[in-house]
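Before any comments, here is the structure.
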Amino acid sequence: MIHTLIGQKSQQGQRFLIDGQRIPVTMIRVSDLPVMKIQTKEKNGYWSITVGVGENKKANMAEIGQAKEANLKVAPRFLREIRLEYLDIAEEQLPKVGEIIKLESVLKQGDIVDVIGVSKGKGFAGVVKRHGFKGGPRTHGQSDRERAPGSIGQTTTPGRVYKGKRMAGRMGSDRVTVRNLTVVAVNPDSLLIKGLVPGTKDALLIIKKVGELKVFIPLYVAEEPLVEVIEQSNQEINVVQENIEEEKIEEKIEEVFIENREDKKENA
């Protein structure tokens, strides 16, 4: 019934699949989500639940009272509504207020998800950065046209600038949806998603399940920790270097012995 989770962006990195393919991954922290409120079709016109995320250390009295109704000691920092797809369901099938939604009950390896977040804000940007304009030429005395937008309209007809014209303005801080990403690993309190998602570190993300892969290639997991493998390889390198140094010393001793023997023959 529930196909959506709320998480926070943790870090980006890379992993290897068992077939040797290297993929970019994003780790998303997903804690247990308490149900704070239920919206029914009879009262609100649609089915949904409201869940809480994080801890609010500066909660007001209304938020504290709502947390007590859900049997929580601390009020959540964020409240987000999760729509339920099924329209013909009974109210008894809905989770109760105070019930905990866990990550493992919603997502698993091989699931396809859409991730929704707010992109990084970049402030006021020109047309070159914001829209990828080429800019004007550097020659023929146009010293101030290098990053300018150029002409923005026509002549007397229409005599105005069309709505939606690409111009300089505030860039970023937009609601962005990245579709059809694959869940490659599910941990008790986090998950790994193939690809990159919008937002800064610790930004709030909505993870919506949209399908499943028929064939899933799992991640490569080394039998030995990487640190131990590196230490073992370093020890082997040191042993090889010591053997080479011993061979060089033996060769040097043998050369000196031969030189001394030839000197004795010449003196005799």
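Look at where the Cα atoms of the range 148-185 and of the range 90-135 average out, and the two centres are 21 Å apart.
Cross-link pairs exceeding 29 Å in C-alpha to C-alpha distance, out of Lys41/Lys68; Lys73/Lys122; Lys129/Lys194; Lys120/Lys214; Lys41/Lys194, comprise Lys73/Lys122; Lys120/Lys214; Lys41/Lys194.
Taken about its Cα centre, the range 135-221 carries a charge dipole of roughly 400 debye when the Cβ of each Lys and Arg holds +1 and the Cβ of each Asp and Glu holds -1. Placing unit charges on the Cβ atoms of the charged side chains and taking the dipole of the range 108-197 about its Cα centre, the candidate lying farthest along the positive direction among Gly117, Ser151, Asn187 is Ser151. Protection proxy ranking of 173-179, 199-205, 153-159, by the mean of other Cβ atoms within 10 Å over each peptide's residues and highest first, is 199-205, 173-179, 153-159. Descending by average beta-carbon neighbour count within 10 Å, the peptides 29-36, 187-194, 138-145, 65-72 line up as 29-36, 187-194, 65-72, 138-145, the highest first.
If Lys and Arg each add +1 and Asp and Glu each add -1, what is the summed charge of the other residues whose beta carbon sits under 10 Å from the beta carbon of Gly153?
Working: positive: Arg160, Lys165; negative: none.
Overall, the nearby charge balance is +2.
Every number here is computed from the coordinates shown, using simple stated rules; none is lab data. All figures in this text were calculated on a predicted structure; none of them were measured in a lab. Please note: Cβ atoms are built from the backbone with ideal geometry, for glycine as well, and neighbour counts cover all protein chains shown.
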